[in-house]
Amino acid sequence: MAIHLVCFHGRHNHGIWNVIMNERMGDYLKVTPDELGNCPPDFFKCDEKSCIDDVLFCDINSDCPDGNDEFWSQCIYKDLSKTDVFEDGWWHRYSNMSKTSTPKNLYDDFLRYYYKDPGFDRVRREDPPDWNGFVTFSATPDFSDLQNVLQLNTEEINEYGHQAEDFILQCSYNERPCNYSDFKSFESKVYGNCFTFNHGEDGDLRNATKSGAQYGLKLTLFTEQHEYLGIYGQESGVRVTLHHPYEMPMPEDNGLTAKTGAATSFAIRQNIYERKGKQYSDCNSTTDPIYRNYRHSTLGCRHFCLQSRMQEYCGCMDVPFYGGGKCHILNKTQEACRQLMHYLQQNQVLPCDCWPPCEEAGFDKTTSLASWPSDSYLRQLLKSINAINPKTKRISDYESAQKNLAYIEVYYDSLSVQYVKETIAYTSDDLMSDMGGLLGLYIGVSVITICEFCVFIKSLFTLFALKLTACICVRSKHKNETDETAQADEENDVGKDGAQDMNNALEIESETL
């Protein structure tokens, strides 16, 4: 059983550019002050004779006649957050984070090798973003340091991201048709709106009963490249993640990329891992409290642990999906703390009890691709998708089809499941057996010998008890005979004494006579 999650690489449509970014595009103006010497709103006053558009202020290029729009003292973003966050002893506030003390050299290594000052001191604001300033002072050639500037909540992503009815043009599973309503929407901080097939929340899980490409999931997808943003749409394609229906999808960490202009096939085999748990190993079999109905996963636990510690120590979060406030890149205190949390997690210092799940499903994947659509199939394809979605009428030739369309199929190449089960390596029966074998080997002791020894001890006790009883009886009889003899002797002595007395009396009488 597999579940398939597909996401845009383009992430958001162009509407968010005007609504969220709130920046003006086009030619920037230079005007003169009014009679009172005041400039219009959103303009910077150069001198008494000229005003320039606010966007031109602090952009490295001098636009005022005297160049005062680039004075460093004015361009520094004034805020209490710009104070030095690494004063002496700054790391003490994080020392109680773990149950064991964190060595100070770890914080020294963070400052020396990991921490990077964003260098946006001359950017004026982040909400709404000063995009001209961010782009101007970006320190990376691919603008990767601006990825955290645009952080939207789930409602904004759901509203401004690509929609399922535009993205999913054709769908079939197990040779039966399906459509975008069979998919569940899911918001990703990197890929925007994602869509999950076979999610099971409607009580209808689709089980695979046959292997082979013709019985799998087949999708024709429309990426709408004309709605991609500049620095936030650097790649064109879709992200595919395969996971169990009750496991939290993580397309940023576990996904595979499928390109446009190609038919990408994912042949999969399922693996099931079962851990013993309880006293044998540490594992977690509970439902994840953060991701609600999803099972506990190690990766999801680590993500949540990182954001929880960030909220606790930094007062903000990387991802605004967990209910906390967003970390501001122009706030040096928050930015330094945010980087430190990532560094401590990489070094396994954050106190996160993230045990593996007691039961876990995984997939072995084999990927292949071919050029798609073919020249002969293009005309029929365009006719079909134009009837489904009028937006596809932008696709008029082979080149535009290669840029905007992708074909994906996911199927089991075998229904056999590899089952890896954790068992007890050494049981109590094994212990008793080994003890008996060793005793028999070294001192010739066996179970029969032990039984015979027990019988022998019992016999000794029985014999001892019988002898003790006989001895008591003999001693009792001997004592009785001794008592009778003594009594007879005593009677004889009395008789003898009486006879002697009588003799003595007769002798006295004779003498008297």
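The values are calculated or read from the model by the stated rules, or taken from the named source; none is laboratory data. From a predicted model like this one, the values you see are computed outputs, not experimental measurements. Ideal geometry is used to build each Cβ from the backbone, glycine not excepted, and the neighbour counts take in all protein chains shown. Protein only, heavy atoms only, side chains kept; ligands, DNA and RNA dropped before computing areas. Shrake-Rupley method; radii C 1.70, N 1.55, O 1.52, S 1.80 Å.
Listed by first and then second residue, the pairs with beta-carbon distance under 6 Å, at least 6 apart or on different chains, first residue in region 151-174 and closer than 14 Å to F186 by Cα, second of a type in the set (V, I, T), are Y160/I16. Please work out if A208 is among the aliphatic types (A, V, I, L, M), part of a loop (DSSP other than H, G, I, E, B) and either modelled with pLDDT of 80 or more or in contact with a Cys (Cβ under 7 Å, 6 or more places away or on another chain) (or both). Yes. Contact map, region 249-266: residues that are of a type in the set (S, T, Y) paired with residues that are open to solvent by less than 10 Å² (accessible area, probe 1.4 Å) and outside any strand (DSSP E or B), Cβ distance under 9 Å, separation 6+ or inter-chain. Pairs shown: T260/T223; T260/A401; S265/G216.
Of the candidates E227, E126, E187, the single residue that is in contact with a Leu (Cβ under 7 Å, 6 or more places away or on another chain) and open to solvent by less than 50 Å² (accessible area, probe 1.4 Å) is E126. Picking from residues in region 47-64 that are at pLDDT 80 or above and farther than 22 Å from F137 by Cα, the one that is surrounded by the fewest Cβ atoms within 10 Å (Cβ to Cβ) is S50. Scan region 428-448 and tell me whether some residue there is more than 30 Å from S265 (Cβ to Cβ), in contact with a strand residue (DSSP E or B) (Cβ under 9 Å, 6 or more places away or on another chain), modelled with pLDDT of 85 or more and open to solvent by 70 Å² or more (accessible area, probe 1.4 Å). The answer is no; no qualifying residue exists.
So that you can scan it fast, the table gives a plain yes or no per residue for (1) without any contact (Cβ under 8 Å) to a residue 60 or more places away in the chain; (2) in a helix (DSSP H, G or I); (3) of a type outside the set (V, I, T):
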residue: L306; (1), (2), (3): yes, yes, yes
residue: R309; (1), (2), (3): no, yes, yes
residue: G324; (1), (2), (3): yes, no, yes
residue: E335; (1), (2), (3): no, yes, yes
residue: H342; (1), (2), (3): yes, yes, yes
residue: E360; (1), (2), (3): no, no, yes
residue: F363; (1), (2), (3): no, no, yes
residue: K391; (1), (2), (3): no, yes, yes
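When we screen T264, T257, T241, T220 for residues that are open to solvent by 20 Å² or more (accessible area, probe 1.4 Å), assigned to a strand (DSSP E or B) and modelled with pLDDT of 85 or more, the only hit is T257.
Of the residues in region 84-105, not one is modelled with pLDDT under 75 and outside any loop (DSSP other than H, G, I, E, B). Here A387 passes the criteria (1) at pLDDT below 90; (2) among the hydrophobic types (A, V, I, L, M, F, W, C); (3) in a helix (DSSP H, G or I) except the one numbered (1).
State whether one or more residues within region 378-388 are open to solvent by 20 Å² or more (accessible area, probe 1.4 Å), among the polar types (S, T, N, Q), under 30 Å from T260 (Cβ atoms) and touching a helix residue (DSSP H, G or I) at 6+ places or on another chain (Cβ under 9 Å). The answer is yes, given that some residue of region 378-388 is open to solvent by 20 Å² or more (accessible area, probe 1.4 Å), among the polar types (S, T, N, Q), under 30 Å from T260 (Cβ atoms) and touching a helix residue (DSSP H, G or I) at 6+ places or on another chain (Cβ under 9 Å). Among the numbered conditions (1) more than 20 Å from the chain's Cα centre (by Cα); (2) basic (K, R); (3) surrounded by 19 or more Cβ atoms within 10 Å (Cβ to Cβ), the only one that R275 does not meet is (1). Selection over region 219-235 of residues that are of a type in the set (S, T, N, Q) and touching a strand residue (DSSP E or B) at 6+ places or on another chain (Cβ under 6 Å) gives a count of 1.
Among all positions in region 412-423, there is at least one residue which is crowded, with 16+ Cβ neighbours inside 10 Å and at pLDDT 90 or above.
Across region 132-189, the number of residues qualifying as part of a loop (DSSP other than H, G, I, E, B), within 30 Å of F57 (Cβ to Cβ) and over 29 Å from the mean Cα position of the chain (by Cα) comes to 4.
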